[in-house]
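The structure under discussion appears below in the form of structure tokens.
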Amino acid sequence: MNEKIKKELKEALEIMQEIIDDRTVPRNIRKVVSDALEKINKGKPTTVDCSMAIYLLDDISNDINMPAYTRTSIWTVISRLESVKEHIKELE
């Protein structure tokens, strides 16, 4: 993995961890973010791993109980993961 992918992935993982640690975020949302984090928090995530994490996050982003700042953070994570996925595709 090149440095750009590592940087994007690191930023996404950090934001996801912040959401998981934020007790003001509903438990069901933290659980989904945690599941998505597990999908990509491997030594070398694949495009499938990224796609699965994006799907989970996109699905939960419409939850009516989600704080607005958390929704924005999730959209940022989705954007970063899309970028990582595209970079991984280029390398394959």
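The values are calculated or read from the model by the stated rules, or taken from the named source; none is laboratory data. No experiment lies behind these values; they were computed from the predicted model shown. So basically every Cβ, Gly included, is an ideal-geometry build from the backbone, and we count neighbours across all protein chains shown.
Would you pick out the residues in segment 36-71 that are among the β-branched types (Val, Ile, Thr), within 19 Å of Gln17 (Cβ to Cβ) and out of contact with any Leu (no Cβ under 8 Å at 6 or more places or on another chain)? Break it down stepwise before answering.
Within segment 36-71, the subset among the β-branched types (Val, Ile, Thr) is 40, 46-48, 54, 60, 64, 70.
So of that shortlist, the ones also within 19 Å of Gln17 (Cβ to Cβ) come out as 40, 54, 60, 70.
Selection gives Ile60, Thr70.
Yes or no: Leu81 closer than 18 Å to Asp21 by Cβ, under 10 Å from the mean Cα position of the chain (by Cα) and of a type outside the set (S, T, N, Q)?
no
Do we find a residue being closer than 14 Å to Ile40 by Cα, touching a helix residue (DSSP H, G or I) at 6+ places or on another chain (Cβ under 7 Å) and at pLDDT 95 or above anywhere in segment 70-77?
Pass one, segment 70-77, residues closer than 14 Å to Ile40 by Cα: 77.
Still in the running and touching a helix residue (DSSP H, G or I) at 6+ places or on another chain (Cβ under 7 Å): 77.
Applying the additional criterion that residues be at pLDDT 95 or above yields 77.
There is at least one residue in segment 70-77 that is closer than 14 Å to Ile40 by Cα, touching a helix residue (DSSP H, G or I) at 6+ places or on another chain (Cβ under 7 Å) and at pLDDT 95 or above.
Can you pull out every residue in segment 38-59 that is assigned to a helix (DSSP H, G or I) and among the small types (Gly, Ala, Ser)? Explain how you work it out, then say what you get.
To start, the set of residues in segment 38-59 that are assigned to a helix (DSSP H, G or I) comprises 38-40, 47-59.
Ser51, Ala53, listed by residue number.
So that you can scan it fast, the table gives a plain yes or no per residue for (1) touching a residue at least 12 places away in the same chain (Cβ under 8 Å); (2) surrounded by fewer than 16 Cβ atoms within 10 Å (Cβ to Cβ):
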{"site": "Lys6", "(1), (2)": "no, yes"}
{"site": "Leu9", "(1), (2)": "yes, no"}
{"site": "Ile54", "(1), (2)": "yes, no"}
{"site": "Lys89", "(1), (2)": "yes, yes"}
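Given the criteria exposed (fewer than 15 other Cβ atoms within 10 Å of the Cβ), in a helix (DSSP H, G or I), on the phi < 0 side of the Ramachandran plot and β-branched (Val, Ile, Thr), does Val32 qualify?
On the way: exposed (fewer than 15 other Cβ atoms within 10 Å of the Cβ): no; in a helix (DSSP H, G or I): yes; on the phi < 0 side of the Ramachandran plot: yes; β-branched (Val, Ile, Thr): yes.
It is false that Val32 is exposed (fewer than 15 other Cβ atoms within 10 Å of the Cβ), in a helix (DSSP H, G or I), on the phi < 0 side of the Ramachandran plot and β-branched (Val, Ile, Thr).
On the basis of being among the aliphatic types (A, V, I, L, M) and over 12 Å from Ile74 (Cα atoms), does Ile40 make the cut? If you could, list the steps in order and put the result at the bottom.
Working: among the aliphatic types (A, V, I, L, M): yes; over 12 Å from Ile74 (Cα atoms): yes.
Criteria met by Ile40.
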